[in-house]
Amino acid sequence: MLPAFKPLVCISGALVSTRSLHRVGADCSRGHLRVFVRPATIRRGSSGVAYVRVYDYGSEVKISADSPYPEIEVVNIAPEFGYPPFTSSIVVNVSSSAKPGTYYLEGAVIDVAKGDVLASTLVPIFVVDNDELTSALSNIERYRKLYEEYGIQYTLLKILAEHRLALSFTDMKILYESIVFRRVSNGTVGDLLSRLLRKGLIVKTSEGYILNPELDLESTRTIIDVKRAKNGMRGARSVLIIWGKNDMDKRAAGKALPRNVERVISVAQKLAKEDYWKAIDFVAHTLLGIRKTGVWLLWIEDYFVYKERKTGFLHYFVSSKLSELLRSIGLKPGFMGYHVHHSAEDLIYEMFGSYVIARRLHYRLKKLGWFVYGEPLLLEILVDAGINYIALRKLFSDEPVIKLGNPELRKNAKKYLVYGGEHIDVENEETYFYGPSRLR
């Protein structure tokens, strides 16, 4: 699973684990599996989420992640099983007794049918005890791009300047490893700090290492050989693998829609002019993959939230492609729950014979990489003669993903936990990918 610190290598079509490389992320274009990992940054005594993304494998796989540390606990993996491409979130609890530093979960991708371990790697968990450092790490993708252009020295100095950081040696090592996305030794960190101290770019205080207060950030570029750093990073660009949120969409681009999806879109477009909410119900139980007893609750920007009555849980996925497609046929985002009073059951049975077959269209799109699943979110909503306030927030940081309406009403809003991905019976999920005669 992620090669970050223990990458995957393709040898004669097989995937093996190796300690000789340091690249984060696996890309075996000639093999059958590609796996990427996004590490988690977690404060001591709290929880966070790491992610594993799997593509290019034709059978069902299982994601596993174990912690060899008593202070680091893997709480949940969702989804644990799936057909690539898909993304799993790994929820991790960090004890308040954990020391700041970089920890590694032992991860694996397993072929469910054969029981073979297809890939194994380490999933980094950055444990911090510093609010400012946590804030800096939340923007780490931007700083990795800067690192590719200007090297590690200038990147570290820019982070120190922008966040006004005073960092211990351990914090510096965490920051270094998160930027280069690989394990580095204490000696490497020590050598870097010695060079920066010798050049007068940083100073050591009782609170930690800080940018020299006598310098502004731009003046440091006259001291660092930026041109040399750029040349040195040319090779690094081919090694460093950045977590790209649009990778799956790019892979799906250019692929024609399955014939039955085009048919559903055509029917829904005509139906929307006659009975708008029946069209919504029709789309809910086909393209969104919601069970017969489920309810499509919300469509906000590219976020689709629904409730499965089978479990009582709320679920969501993100899809810019589906959002664009539905808008193109005249459907509008908002509160979607009214569709339960305008059943398309007759149409679904006429076209597909059952709701089970109808919802398989959703899995056709899933195989094309249309859907992205993330960490659990908190839904806040206040409804009074319309939606007065609504927000989706990250569960562990309270950061809003989407926020609409009057924020002063937040204190009165009801709150619901929303899980990323479908609710699926693992033993039955494989059947959703089969193509019965009505879908051919």
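The values are calculated or read from the model by the stated rules, or taken from the named source; none is laboratory data. For clarity, every value in this text was computed on a predicted model and none was experimentally measured. Note that we place each Cβ from the backbone using ideal geometry, even for glycine, and neighbour counts take in every protein chain shown.
List of remarks:
- Lone unmet requirement of (1) buried (at least 16 other Cβ atoms within 10 Å of the Cβ); (2) at negative phi for Ser138: (1)
- With respect to the stated conditions, Ile77 is free of Cβ contacts under 8 Å to residues at least 24 places away in the same chain, crowded, with 18+ Cβ neighbours inside 10 Å and either at negative phi or not aliphatic (A, V, I, L, M) (or both).
- Inclusion of Leu326 among residues that are within 17 Å of Glu301 (Cβ to Cβ) and either more than 21 Å from the chain's Cα centre (by Cα) or in a loop (DSSP other than H, G, I, E, B) (or both) is warranted.
- Qualifying residues in the stretch 17-56 (those that are assigned to a loop (DSSP other than H, G, I, E, B) and modelled with pLDDT of 85 or more) - the one nearest to Glu80 (Cα to Cα): Pro39
- Residue check for Leu160: crowded, with 21+ Cβ neighbours inside 10 Å, modelled with pLDDT under 90 and among the hydrophobic types (A, V, I, L, M, F, W, C): no
- The residue that is surrounded by the fewest Cβ atoms within 10 Å (Cβ to Cβ), among those in the stretch 43-74 that are within 28 Å of Phe371 (Cα to Cα) and among the aromatic types (Phe, Trp, Tyr), is Tyr55.
- Annotation note: of Ser319, Ser328, Ser343, the sole residue that is more than 30 Å from Gly45 (Cα to Cα), crowded, with 21+ Cβ neighbours inside 10 Å and of a type in the set (Ser, Thr, Tyr) is Ser319.
- Residue match in the stretch 363-377 (condition: surrounded by fewer than 17 Cβ atoms within 10 Å (Cβ to Cβ), small (Gly, Ala, Ser) and touching a Lys or Arg at 6+ places or on another chain (Cβ under 7 Å)): no
- Selection from the stretch 148-163 of residues that are farther than 15 Å from Lys204 by Cβ and either touching a helix residue (DSSP H, G or I) at 6+ places or on another chain (Cβ under 7 Å) or without any contact (Cβ under 8 Å) to a residue 24 or more places away in the chain (or both): Glu148, Glu149, Tyr150, Gly151, Ile152, Gln153, Tyr154, Thr155, Lys158, Ile159, Ala161, His163
- Matching residues in the stretch 99-130 - criterion: being over 18 Å from Pro39 (Cα atoms) and either touching a Leu at 6+ places or on another chain (Cβ under 7 Å) or outside any loop (DSSP other than H, G, I, E, B) (or both): Ile110, Asp111, Val117, Leu118
- Lys204 satisfies every condition listed in (1) modelled with pLDDT under 90; (2) not in a helix (DSSP H, G or I) except (1).
- From Ser138, Ser59, Ser120, residue being within 30 Å of Ser319 (Cα to Cα), among the polar types (S, T, N, Q), at pLDDT below 90 and assigned by TED's automatic domain parsing to the domain that holds Val189: Ser138
- Scanning the stretch 55-89 for residues being of a type outside the set (Val, Ile, Thr) and closer than 22 Å to Asp116 by Cβ gives a total of 19.
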